[in-house]
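To keep things clear, I will list the structure first and then write my remarks on it.
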Amino acid sequence: MLPFDAKPATPVLLSGSPYERGLGQATKAGVSDEQIRTAVLGRVDQASAAGLLDADGLRYIEAQRAFLSAHDPDTMAELAGIADGFGLMEDDLFVHQHITILRDLKTAAEIDTDGCSTWAVGDSEDGPLVVKNRDFSGTHLGVQRVFLHEGPDIETGRMICVGSAGSPGAYSSGINAAGLALVDNHVGTRHHGVGWLRYFAMTRILATCRTVDEAVAFIAARRHAGGGNLVLADRSGATAAIEFGTDTFGIERGAASWRTNHFVTAKMAGCNLLKDGDRIDENSSIRFDFLSRLIPNRRWNVAQAAALMASHAEDGSGVGPLCQHAVRDDSQTISTVIYRCDKASLHFLEGNPCSGQWQLFEMPV
């Protein structure tokens, strides 16, 4: 029986080479060129107005382009396909992918914010679970999609990714046919460098790794741009939380893992860059403590996970804990995902998880 009346749904199929999958978004995602231009160019214009694209910012972007072209040509090809499909300049799309980093590098900038609450358990009534509330203040609410990727570069067979039209691969979360699932959180950091962008690494992990062990090894062998967390689980029940520096990481492994929007390991806690006045940053510790009390002390299932992600602050303030409603013009929860690693399936709800219709996406056999 499907929990809480989840409706079976079909993901948007993107097949072929990375470039072809990127190009296919324009004809298959059901999103207009105008919507994508608004979502992408609006943020790029906002970044420019905030001074993020000054000489230092542009030098960083060019160094990133050279690095990623050499080390992750598949995702760069997907990005080129998206740009061609939607009639965008590839340069604008590349900048769009780096705006959160550029914002950290110029900390006084006023620009949209994103958050997220994530967790994983290796043993539940429904097998290993990976769960995320996606919190964002930008224009992604109307362009979120569930994509099924298949192509010659996907060594794991297939992957289902929740992302945004106009962005490549696992822009928010995903699961592959081997049962490895991952979700991410934004974390502002004082230390960025030239290296793998987190979203790009997520896509390559799903395309090439089958277990948490393999994913950790993938990350540890590479230099990263820094910032953000990943929470992962695989079909065997292994889980991990990974905090991204550039050439160092905070890694915790165990029966359960959880993160919000700050670093907590001894290696990475000193790198936090929390923005004053940002509600998501300010309630990150409240949400983390809430997850710390609940996640390891209960045996979960999908329906209980959905109920947890719909929880609100007891005092009605909107400050926490997990389901974030818009207060002022800031972040709100724009979707919730619950991955089942044993079935390589995904429950997805767009909008606040306290309302709306759940959908069930299953990996094709």
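The values are calculated or read from the model by the stated rules, or taken from the named source; none is laboratory data. The structure displayed is predicted, hence computed values, not measured ones. Note that we place each Cβ from the backbone using ideal geometry, even for glycine, and neighbour counts take in every protein chain shown. Surface accessibility is based on the protein's heavy atoms, side chains included, excluding ligands, DNA and RNA. Shrake-Rupley method; radii C 1.70, N 1.55, O 1.52, S 1.80 Å.
Tell me the label-point distance for the pair Glu155, Ser285, using the 7 Å Cα-to-Cβ offset, in nm and rounded to one decimal.
Taking the simple label geometry, Glu155 and Ser285 are separated by 4.2 nm.
What is the set of long-range amide H partners of Arg145 at a cut-off below 5 Å, with H atoms built 1.01 Å from backbone N?
Long-range HN contacts for Arg145: Gly163, Ser164, Ala165.
Which of the lysines could a cross-linker bridge to Lys106, judged by Cα under 20 Å and excluding same-chain residues fewer than eight apart?
Within the straight-line cut-off, Lys106 pairs with Lys275.
Which residues in segment 74-108 place their backbone N less than 20 Å from a point set 7 Å from the Cα of Thr248 along the Cα-to-Cβ direction?
105
Report the label-to-label distance for Arg299 and Glu314 in nanometres (one decimal), using points 7 Å from each Cα along the Cα→Cβ vector.
2.7
Pulled fully out, how much extra length does the chain show between Ala269 and Leu58, if you take 0.36 nm times their separation in residues and subtract their Cα-Cα distance?
73.1 nm
Hey, can you rank 198-204, 187-193, 291-297 by average C-beta count inside 10 Å, highest first?
Put in order of decreasing packing, that is 198-204, 187-193, 291-297.
Heavy atoms only, probe 1.4 Å: what % of the accessible area of the chain goes to carbon and sulfur, would you let me know?
Taking all protein chains in place, the chain shows 51 percent carbon and sulfur surface.
For Kirkwood radius over Cα pairs in Å, the listed values are [x] 20.0; [y] 22.1; [z] 21.2; which was obtained by calculation from the structure presented?
It is the one labelled [x].
Would you mind getting the accessible area per residue of segment 203-362, heavy atoms of the protein chains only, 1.4 Å probe, in Å²?
38
Using +1 at the Cβ of each Lys and Arg and -1 at the Cβ of each Asp and Glu in the chain, identify which of Ala70, Pro296, Ala233 lies farthest towards the dipole's positive end.
Ranked along the dipole, the leading option is Pro296.
Determine ³J(HN,Hα), in whole Hz, for all residues of segment 346-358 in sequence, where each value follows from phi through the Karplus function 6.51 cos²θ - 1.76 cosθ + 1.60 and θ = phi - 60°; x replaces Gly and Pro.
My calculation for segment 346-358 gives 9, 9, 9, 9, 8, x, 5, x, 7, 8, x, 10, 6 Hz in order.
Name all residues of segment 237-269 having a backbone nitrogen under 19 Å from the label point set 7 Å from the Cα of Ala217 along its Cα→Cβ direction, giving them as ranges.
Under 19 Å, as judged by backbone N against the label point of Ala217, lie 237-242, 249, 251-254 of segment 237-269.
Give the long-range amide H neighbours of Ser335: residues separated by 5 or more places, or on another chain, with amide H under 5 Å away, using H modelled in the peptide plane at 1.01 Å from N.
Arg134, Gly351
For Trp300, enumerate residues with amide H under 5 Å from its amide H, sequence gap 5+ or separate chain, H modeled in the peptide plane.
Glu125
Could you sort 20-33, 257-270 so that the peptide with the highest average Cβ count within 10 Å comes first and the rest follow in order?
Listed from highest to lowest mean packing, they are 257-270, 20-33.
Please work out whether segment 212-300 counts as rounded, prolate or oblate from its C-alpha gyration tensor, where a ≥ b ≥ c are the square roots of the eigenvalues and a/c under 1.5 means rounded, while otherwise a/b larger than b/c means prolate and anything else oblate?
oblate
Tell me, what HN-Hα J-couplings in whole Hz come from the Karplus equation 6.51 cos²θ - 1.76 cosθ + 1.60 at θ = phi - 60° for each residue of segment 170-187, using x for Gly and Pro?
For segment 170-187, the Karplus curve yields 7, 6, 9, 5, x, 9, 10, 5, 7, x, 8, 10, 8, 9, 10, 10, 6, 9 Hz.
Using only alpha carbon pairs under 8 Å that are at least six residues apart, calculate the relative contact order of segment 43-129 and give it in whole percent.
Here the relative contact order equals 35 percent.
Apply the Karplus curve 6.51 cos²θ - 1.76 cosθ + 1.60, θ = phi - 60°, to the phi angles in segment 142-147 and return the couplings in whole Hz, x for Gly and Pro.
The phi angles translate into x, 10, 5, 8, 9, 10 Hz.
Accessible area per residue, 1.4 Å probe, Å², for segment 137-202: what's the number?
The answer is 20 Å² per residue.
Determine the percent antiparallel among the DSSP beta bridges restricted to segment 124-240, to the nearest 5.
95
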